[in-house]
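Since the structure comes first, as structure tokens, the remarks are kept for the end.
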Amino acid sequence: FPMQMPELAKCSVLMRERSRVEETIHAMQRAGAGSLQVISDFDMTLTRFAHNGKRVPTTHNILDNRLLINEDCTRKMRELLNTYYPIEIDASRSAEEKLPLMVEWWTKVHELLIEQKIRRDMLAHAVKESSAMLRDGYKVFFECLAEHQVPLLIFSAGVGDVLEEVIRQNHVFHPNIHIISNYMDFDQTGVLQAFKGQLIHTFNKREGALSHAAGLRELQGRPNVVLMGDSLGDLTMADGVSEPQNVLTIGFLNDQVEERKESYINSFDVVLVKDETLDVPNAILRYIT
Ligand code: C5P
Ligand code: MG
């Protein structure tokens with residue numbers, strides 16, 4: 001790679017069109033940090049997929065803690081995960097086919113969670129006790145964006161309250177961060193009674209982008225976008241950007257690697273195969289800012 005970015009020369013980094021990636025990064029560098037925004041998915045993108053051979057929990061799975069839910073609920077949530085997660089990542093089904101099934105999954109899980117009368121004041125404890133983990137290099141990532149006042153839009157189909165607590169406990173919740181996610185609605189006594197707003201799942205991020213992200217004042221006038229995700233559904237997260245100039249998409253391919261490699265290479269500009277770090281995004285951001 002001609003741009004002093006050894007990170008991009010590693011064999012875990014796949015690119016359909018290396019020259020286009022180079023040109024895009026150069027154009028972003030010329031325009032500078034003031035023209036840039038970063039839009040990122042949360043679960044399995046900013047957080048690790050696995051650690052020491054064990055899966056790292058998503059924000060939904062962090063809620064699997066006796067402080068919050070009972071054994072019966074744990075069992076039911078696991079059954080749903082075992083049914084629907086393979087569908088979510090199935091390379092042989094289209095997003096259109098998956099969409100109604102994802103709505104089903106999220107709706108059922110949120111109903112189960114509401115039945116558990118989860119207490120707001122227990123969430124921080126559950127996050128502390130969980131094995132939630134941001135990707136290696138997260139400090140550099142968050143600090144770099146904060147320092148250069150580049151807005152970071154975290155766009156997650158997970159649970160917003162849990163996601164916020166994870167970044168807070170890692171001491172990287174800076175003022176440049178904006179979050180679109182599924183937020184819990186608590187009653188006056190602090191007990192979960194519903195989820196707020198339109199449900200966000202893996203394959204309807206486009207609607208959230210158009211209805212929420214497009215209205216965020218801090219993101220206006222920043223036509224260059226670095227987009228990061230681990231699902232093909234994440235590619236629509238930048239659809240709310242009004243007049244995009246340069247968009248670079250980075251996809252983490254964590255699971256079902258061989259089955260999904262081709263579609264990821266055809267869909268993301270940069271594909272990172274089983275990379276548990278933020279080294280590549282960090283190298284690109286260091287160059288641009
Ligand atoms: O932040 P992100 O948009 O990635 O969050 C959604 C992820 O959470 C999905 O990829 C899905 O696999 C996972 N999920 C889960 N349990 C649920 C619903 C979604 O682990 N009940
Ligand atoms: Mg994800």
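The values are calculated or read from the model by the stated rules, or taken from the named source; none is laboratory data. In this text the structure is predicted, and so the values were computed from the model without any measurement. Positions of Cβ are backbone-derived with ideal geometry, glycine not excepted, and every protein chain shown enters the neighbour counts. These area figures cover heavy atoms from the full protein model, side chains too; ligands, DNA and RNA do not enter into them. Shrake-Rupley method; radii C 1.70, N 1.55, O 1.52, S 1.80 Å.
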Practice task
Within the range 155-178, count every residue that is in contact with a Leu (Cβ under 7 Å, 6 or more places away or on another chain) and either under 22 Å from ALA283 (Cβ atoms) or open to solvent by 10 Å² or more (accessible area, probe 1.4 Å) (or both).
Solution key: 6
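Could you look through the range 17-37, keep only residues that are hydrophobic (A, V, I, L, M, F, W, C) and surrounded by fewer than 22 Cβ atoms within 10 Å (Cβ to Cβ), and pick out the one that is nearest to ligand 1 (Cβ to nearest atom)? Break it down stepwise before answering.
The first filter runs over the range 17-37 and keeps only residues hydrophobic (A, V, I, L, M, F, W, C), leaving 21, 25, 27-28, 31, 33, 36.
Then drop every residue that is not surrounded by fewer than 22 Cβ atoms within 10 Å (Cβ to Cβ), which leaves 21, 27, 31, 33.
On the way: VAL21: 23, ALA27: 28, ALA31: 28, ALA33: 25 Å.
Only one residue fits best here, namely VAL21.
Every residue, every condition in (1) crowded, with 17+ Cβ neighbours inside 10 Å; (2) not charged (D, E, K, R), yes or no:
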residue	(1), (2)
GLY229	yes, yes
THR236	yes, yes
GLY240	yes, yes
PRO244	no, yes
VAL247	yes, yes
GLU258	no, no
VAL271	yes, yes
Exercise for the section: Name, by its number, the condition in (1) open to solvent by 40 Å² or more (accessible area, probe 1.4 Å); (2) under 27 Å from ALA91 (Cβ atoms); (3) not basic (Lys, Arg) that does not hold for LEU278. Expected result: (1)
Fill in the blank from the handout: Cβ pairs under 7 Å, 6+ apart or interchain, first in the range 118-138 and among the hydrophobic types (A, V, I, L, M, F, W, C), second surrounded by fewer than 19 Cβ atoms within 10 Å (Cβ to Cβ) and part of a helix (DSSP H, G or I), ordered by first then second residue, are VAL127/GLN169
Problem - Residue within the range 261-284 that is closer than 18 Å to LEU145 by Cα and of a type in the set (Gly, Ala, Ser) present - result: yes
Exercise for the section: Could you check ARG222 against (1) basic (Lys, Arg); (2) surrounded by fewer than 14 Cβ atoms within 10 Å (Cβ to Cβ); (3) farther than 21 Å from TRP105 by Cβ and say which number it fails? Expected result: (2)
Practice task
Considering only residues that are assigned to a loop (DSSP other than H, G, I, E, B) and more than 11 Å from ligand 1 (Cβ to nearest atom), look in the range 43-62 and name the one that is surrounded by the most Cβ atoms within 10 Å (Cβ to Cβ).
Solution key: ARG48
Practice task
Check GLY158 against each of (1) under 25 Å from VAL225 (Cα atoms); (2) without any contact (Cβ under 8 Å) to a residue 40 or more places away in the chain and name the one condition it does not meet.
Solution key: (2)
Exercise for the section: With respect to SER211, determine if the residue is over 29 Å from LEU101 (Cβ atoms), open to solvent by 40 Å² or more (accessible area, probe 1.4 Å), free of Cβ contacts under 8 Å to residues at least 40 places away in the same chain and not basic (Lys, Arg). Expected result: no
Handout entry: Conditions (1) hydrophobic (A, V, I, L, M, F, W, C); (2) touching a helix residue (DSSP H, G or I) at 6+ places or on another chain (Cβ under 7 Å); (3) touching a residue at least 40 places away in the same chain (Cβ under 8 Å); (4) away from ligand 2 (no atom under 16 Å from the Cβ): number failed by PHE173
Key = (3)
Problem - Residues of the range 233-265 satisfying the condition of being part of a helix (DSSP H, G or I) and hydroxyl-bearing (Ser, Thr, Tyr) - result: THR236, SER263, TYR264
Fill in the blank from the handout: A careful count of residues in the range 79-114 that are assigned to a helix (DSSP H, G or I), in contact (Cβ under 8 Å) with a residue 12 or more places away in the chain and exposed (fewer than 14 other Cβ atoms within 10 Å of the Cβ) gives 2
Fill in the blank from the handout: In the range 179-194, anything open to solvent by 30 Å² or more (accessible area, probe 1.4 Å) and within 28 Å of GLN37 (Cα to Cα) is listed as ILE179, TYR183
Handout entry: Pairs with Cβ under 8 Å, 6+ apart, first in the range 54-67 and under 21 Å from THR107 (Cα atoms), second within 9 Å of ligand 1 (Cβ to nearest atom) and open to solvent by 30 Å² or more (accessible area, probe 1.4 Å)
Key = ASN61/LEU81
